[in-house]
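The values are calculated or read from the model by the stated rules, or taken from the named source; none is laboratory data. Everything numeric here is computed off the predicted structure, so don't read it as measured data. A quick note on method: Cβ atoms are made from the backbone with ideal geometry, for glycine too, and the neighbour counts reach across all protein chains shown.
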Amino acid sequence: MKAKIIITPKKAVLDPQGKTVQNALEHMGYRGIGAVHVGKYLEIEVSGDQETVRKQIDEACHRFLSNPVIEDYKFELE
Amino acid sequence: MNFAVLQFPASNCDQDAVHALRHVLGQSARFVWHKETSLGNADAVIVPGGFSYGDYLRTGAIARFSPVMAAVQEFAAKGGPVLGICNGFQILCEAGLLPGALIRNRSLQFRCEHVFLKTVTKNSPFTGTIPDGKLLRIPIAHGEGCYFADAETIARLKANDQILWRYVSATGELTDDANPNGSLDNIAGVCNERRNVGGLMPHPERACEALLGSADGRLIFESLVRALESKSLAKAA
């Protein structure tokens with residue numbers, strides 16, 4: 001199966017990349033643009049039973065793939 | 001004193017650190033490859049700058065799981081002094097040995113220039129003998145040096161006197177212009193609660209000789225050597 005992981009900067013963290021993209025979008029004339037957050041997307045191919053995989057991926061996200069000081073993560077298995 | 005200078009794939013300030021320690025400070029220093037599991041007879045550990053593992057995923061995120069880092073964790077837990085410089089600071093934060101994290105510079109630009117640092121506390125092995133009121137002129141070279149920690153952690157750092165250096169103007173003022181990367185509270189370096197692990201973004205090893213434009217970085221290494229000497233004297237007594 002595949003784990004699809006999305007990592008985003010925490011709301012309280014300065015996100016100069018997001019701010020720059022937001023400015024560019026506004027500059028290009030797109031209307032109604034609000035805050036932009038630039039994060040990361042990872043796809044991990046993994047085998048095993050669903051529950052074990054879920055536990056493993058969650059642990060890996062917490063320990064390594066994201067930094068809980070500055071980032072939030074969420075993932076789905078498919 | 002014996003210094004261990006760690007080497008990860010893509011460390012690039014390891015040679016400068018060993019040069020400064022050996023040839024400027026007259027200390028014994030050796031390289032320790034990241035796959036080693038022992039620090040030997042080290043009295044202190046330097047985690048040098050660079051772009052370990054290509055800065056993949058996050059700066060320092062992969063290096064912190066290198067085999068040698070288990071030995072560093074153990075060394076630090078016994079009270080041994082560990083100093084992280086630039087990427088070394090990022091690695092120590094990722095490893096949980098120091099609070100907070102270093103994120104992308106506010107300007108999104110890689111900044112490579114001299115900055116001025118104000119030493120906030122002399123109560124650490126890295127700052128103990130820096131003269132009062134002395135501003136340190138030291139170069140920075142980083143794209144991810146913006147120090148971040150949540151409000152609660154910042155309050156704790158202040159309450160415990162864990163902020164070691166702040167970016168200031170040439171006249172010593174704490175201004176936004178003097179902050180090269182957007183660090184909270186102009187923080188350039190911090191230590192842990194036990195005060196034996198420290199980290200900073202600027203490069204003291206690149207500022208140890210007048211020929212390099214500044215010898216102020218030497219004051220940080222001299223503090224560390226003095227702290228180690230007084231520790232070993234106390235042990236012998």
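Residue selection: residue B:179 satisfies the criterion of being modelled with pLDDT of 95 or more, within 23 Å of residue B:60 (Cβ to Cβ) and not in a helix (DSSP H, G or I). Being free of Cβ contacts under 8 Å to residues at least 60 places away in the same chain, farther than 17 Å from residue B:92 by Cα and in contact with a helix residue (DSSP H, G or I) (Cβ under 7 Å, 6 or more places away or on another chain) narrows it down to one of B:31, B:51, so name that one. That would be B:31, the only listed residue that is free of Cβ contacts under 8 Å to residues at least 60 places away in the same chain, farther than 17 Å from residue B:92 by Cα and in contact with a helix residue (DSSP H, G or I) (Cβ under 7 Å, 6 or more places away or on another chain).
Would you check if there is a residue in region B:119-130 being buried (at least 23 other Cβ atoms within 10 Å of the Cβ), in contact with a strand residue (DSSP E or B) (Cβ under 6 Å, 6 or more places away or on another chain), touching a residue at least 60 places away in the same chain (Cβ under 8 Å) and closer than 16 Å to residue B:183 by Cβ? Looking through region B:119-130, none of the residues is buried (at least 23 other Cβ atoms within 10 Å of the Cβ), in contact with a strand residue (DSSP E or B) (Cβ under 6 Å, 6 or more places away or on another chain), touching a residue at least 60 places away in the same chain (Cβ under 8 Å) and closer than 16 Å to residue B:183 by Cβ.
Yes/no per residue for (1) within 14 Å of another protein chain (Cβ to nearest Cβ); (2) among the basic types (Lys, Arg); (3) closer than 28 Å to residue B:113 by Cβ:
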position: B:18; (1), (2), (3): no, no, yes
position: B:24; (1), (2), (3): no, no, yes
position: B:27; (1), (2), (3): no, no, no
position: B:47; (1), (2), (3): no, no, yes
position: B:57; (1), (2), (3): yes, no, yes
position: B:65; (1), (2), (3): yes, no, no
position: B:70; (1), (2), (3): no, no, no
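For region A:4-31, residues that are more than 18 Å from residue B:108 (Cβ to Cβ), of a type outside the set (Ser, Thr, Tyr) and free of Cβ contacts under 8 Å to residues at least 40 places away in the same chain total 5. If you filter region A:5-42 down to residues that are away from chain B (no Cβ under 14 Å) and under 24 Å from residue B:103 (Cβ atoms), you find that the one that is nearest to the chain's Cα centre (by Cα) is A:6. Would you confirm whether or not region B:85-92 contains a residue that is surrounded by fewer than 18 Cβ atoms within 10 Å (Cβ to Cβ), among the polar types (S, T, N, Q) and within 13 Å of chain A (Cβ to nearest Cβ)? Within region B:85-92, not a single residue is surrounded by fewer than 18 Cβ atoms within 10 Å (Cβ to Cβ), among the polar types (S, T, N, Q) and within 13 Å of chain A (Cβ to nearest Cβ).
Considering region B:94-113, the residues that are more than 8 Å from chain A (Cβ to nearest Cβ) and farther than 14 Å from residue B:195 by Cβ include one that is surrounded by the most Cβ atoms within 10 Å (Cβ to Cβ), namely B:102.
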